[in-house]
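A short reminder: the numbers here are calculations on the coordinates, not readings from a lab. On a predicted model such as this, the values are computed, not experimentally measured, just so you know. Positions of Cβ are backbone-derived with ideal geometry, glycine not excepted, and every protein chain shown enters the neighbour counts.
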């Protein structure tokens with residue numbers, strides 16, 4: 001038996017490829033975006049508590065109410081955004097599901113979605129598997145990966161159904177500004193274009209910047225699906241728990257698709273997060289924690305031949321290696337994993353045409369010992 005592939009050009013994700021290579025070679029894995037340290041012991045205690053308490057059956061399809069309520073409170077306190085827990089917040093199995101369920105809810109055959117590249121690798125498959133077409137806006141290193149909204153305007157057609165945004169951006173770490181949101185609001189005014197916003201790194205943002213969700217703009221909230229994650233904030237990527245917040249009418253359609261993808265997400269984890277988030281410092285302290293790691297990693301690289309601009313957000317640092325070699329970034333990432341024992345991600349894989357800017361991405365969500373050891377090896381190059 002054979003399958004006619006719906007994704008003939010899609011192979012194994014780069015994160016699996018590089019993490020597997022790192023494991024095979026014993027390299028320090030600064031490729032895939034996950035911490036190599038544990039989450040809070042209190043969080044583990046809470047999960048254990050609720051497991052013993054019997055919270056081991058299906059959660060409500062939309063998520064347990066205490067977790068939706070604490071999310072609504074946090075979002076209101078931090079951003080002045082108000083979502084009704086019962087009808088506008090849905091708990092899902094990770095932000096990847098939130099994005100996929102959104103695309104499944106809004107897209108019809110041949111609808112177009114504007115995607116900014118370099119783009120996280122789940123976006124385009126989520127669009128194409130639901131009958132849509134990705135329309136690329138290419139961000140360049142020369143322009144510091146800033147969005148040119150005149151180009152975005154030129155890409156909008158009568159088939160444009162949505163614009164896919166990420167802030168802080170993965171893989172560049174770039175954050176949206178008020179000017180960006182104002183430009184976006186003008187472009188979509190009097191259209192039926194939705195905004196799908198990936199905000200998994202909302203609490204990992206540096207240098208006193210503010211997290212600016214598209215939903216924070218009064219003209220954009222009504223059309224925005226705000227997709228988030230608990231995994232990145234609380235060092236629990238393996239728990240695969242996320243959420244989507246959107247106006248009532250949008251959420252109703254979102255839940256129709258969510259119920260056929262996972263239906264519900266792990267019950268004891270939901271109860272644990274609902275309790276853990278009652279103390280705001282458990283998520284507010286994440287900013288300082290990762291900013292310190294970013295600064296240490298950059299400092300340890302100061303004697304290297306790399307050039308870089310400190311990441312504005314996320315737990316990734318991009319570096320240019322043009323002063324070292326002209327080798328293709330994919331080949332170099334593989335070679336350095338094998339030869340010097342440091343695994344990274346080549347940025348070209350996030351481009352539709354595999355644009356090679358001679359940039360690698362390193363994850364600094366690792367313990368200091370690993371980061372310092374990796375930096376020592378990179379400085380010898």
Nearest 5 is fine: what % of DSSP beta bridges in the chain come out antiparallel, could you say?
45
Two-site label geometry, residue 10 and residue 256: point separation in nm, points 7 Å out along Cα→Cβ
2.3
When 260, 149 are ranked with the fewest other C-beta atoms within 10 Å first, the list becomes 260, 149
Rounded to the nearest 0.05, FRET efficiency between residue 370 and residue 86 (Cβ-Cβ, R0 56 Å) equals 0.80
Mean separation of Cα pairs under 8 Å and 6+ residues apart, divided by the residue count of region 163-282: what relative contact order is that in percent?
20
Taking only C-alpha pairs under 8 Å that are 6+ residues apart, what is the relative contact order of region 299-351 in percent?
24
Take peptides 267-277, 73-83 and line them up by average Cβ neighbours within 10 Å, highest first, as a rough protection proxy.
267-277, 73-83
Rounded to whole angstrom, the alpha-carbon centroid of region 159-179 lies from that of region 39-100 at a distance of 24
One finds the C-alpha centres of region 289-312 and region 190-254 to be spaced, in Å, by 27
Kindly identify region 41-282 as rounded, prolate or oblate by the Cα gyration tensor criterion: order the square roots of the eigenvalues as a ≥ b ≥ c, call it rounded if a/c is under 1.5, otherwise compare a/b with b/c, prolate if a/b is larger, else oblate.
prolate
Rounded, prolate or oblate: which one fits region 271-381, using the alpha carbon gyration tensor with axes a ≥ b ≥ c (rounded when a/c is under 1.5, else prolate when a/b beats b/c, else oblate)?
prolate
Given an 8 Å cut-off on Cα distances and at least 6 residues of separation, report the relative contact order of the chain as a percent.
25
Pull out a ≥ b ≥ c, the square roots of the eigenvalues of the alpha-carbon gyration tensor of region 1-139, then state rounded if a/c is under 1.5, prolate if not and a/b is larger than b/c, and oblate in the remaining case.
oblate
